[in-house]
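The values are calculated or read from the model by the stated rules, or taken from the named source; none is laboratory data. Small disclaimer: the values here were computed from a predicted structure and weren't measured. Virtual Cβ from ideal backbone geometry, glycine too; neighbours counted across all protein chains shown. Note: areas computed on protein heavy atoms with side chains; ligands, DNA, RNA excluded. Shrake-Rupley method; radii C 1.70, N 1.55, O 1.52, S 1.80 Å.
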Amino acid sequence: MAEECLICGAPLVYLNAGAEMTCALCGGSFHSKARCSEGHYVCDACHIKGVDSIVGVCLREESRDPAAVLERLMQLECCHMHGPEHHIMVGAALLTAYRNAGGRIDLAAALREMCSRGGQVPGGACGFWGACGAGLSAGQFVSIVTGATPLADASFALAHRMTARALNAIGEVGGPRCCKRDSFLSVQQAVEFSAEHLGVEMARRQVVCRYSAMNAQCIGMRCPFSPANQK
C-alpha cells in the first residue's frame, strides 16, 4: 500500500502559504505547509520519533557500504516511506561507512551531531527550499568529518561542494519527491566524493528499489534504481 498520511493513509496536500495546524499525535500547534486531504497533520518531531535509535544500530554496523547501512536504517520502525528522518539517516549511514572504511572519527559523537543537525532540516525542504534534506545531509556528513565551521577555508568549500553534487544528482532525475531515491542518490555521490577529496574509499553496490509499491508518486522507469533498469 502506498504510504501517505501516518494517521489515515489519505494523500498529502501541500500549501504554499501554510497554515496553523494541530499535530494529531502530540497536540502541539505549528505553522505548516503540509496536511493530508482529511485534515490530519503530524509534526516533524512526531514523524521522526525514535530516530535516535539509529545511533546504536550504526555503532554495531561493520559495512563499508553506506547504501547497505541506509537500507538497514530504513527498516527501523521510525522510518517511513517519506519524511525528515531521511535527513538524519543519510548522513548517519555515510558516517558509519566512512569510519568502517578507515575514516578517523569518533563515530558516537559524530552520530549525535548528525542527529542534531539533520533534525533541524524540516520535512518538505525538497520542494519549498529547493534543497532536498537528503542532499543537505550528505553535505553535513562532509562538514562533520572535516570539522567545518562558518570560518573554515578548505572544509567550508568541501561541504558546499558535496551538497551541490548531491543536489545536482537529485535535480537531474527530477520530481516528484521520493525520499528513498534521493537518499540513495546522495550516498552514491558521497562515496565518489569521499574517495576523490577525503582519501577514504567506501564501498558501493548497485541499488535496486524495493519501495515503489509504498510510493504513490513513484516515477517508475525514470528512477535509476527501478528494477526494470537493472542489468
Residue 211/residue 30 FRET efficiency (R0 35 Å; Cβ-Cβ; nearest 0.05): 0.80
Carbon and sulfur atoms: what percent of the 1.4 Å accessible area of the chain do they account for? 53 percent
How much accessible surface area, in Å² rounded to 10, belongs to the heavy atoms of residue 153 with a 1.4 Å probe? 130 Å²
Per residue, what accessible area does the chain have, given a 1.4 Å probe and all protein chains present, in Å²? 47 Å²
Once you place label points 7 Å from the Cα toward the Cβ at residue 72 and residue 129, how far apart are they in nm? 2.8 nm
What figure in square angstrom, to the nearest 10, would you give for the accessible area of residue 197 with a 1.4 Å probe? 70 Å²
For residue 2 and residue 109, extending 7 Å from Cα along the Cα-Cβ vector and measuring point to point gives, in nm, a value of 4.6 nm
Please work out how much length the chain gains when fully extended from residue 201 to residue 59, using 0.36 nm per residue of separation minus the C-alpha to C-alpha distance, in nm with one decimal. 49.2 nm
For the chain, modelled as a Gaussian network with Cα springs under 10 Å, which listed residue fluctuates most, 183, 143, 53? 53
Which value, in debye to the nearest 20, describes the size of the charge dipole of the chain about its Cα centre when Lys and Arg Cβ atoms bear +1, Asp and Glu Cβ atoms bear -1, and nothing else is charged? 360 debye
Using the alpha-carbon atoms, what tilt in degrees (0 to 90, nearest 10) does helix 86-100 show relative to the longest principal axis of the chain? 20 degrees
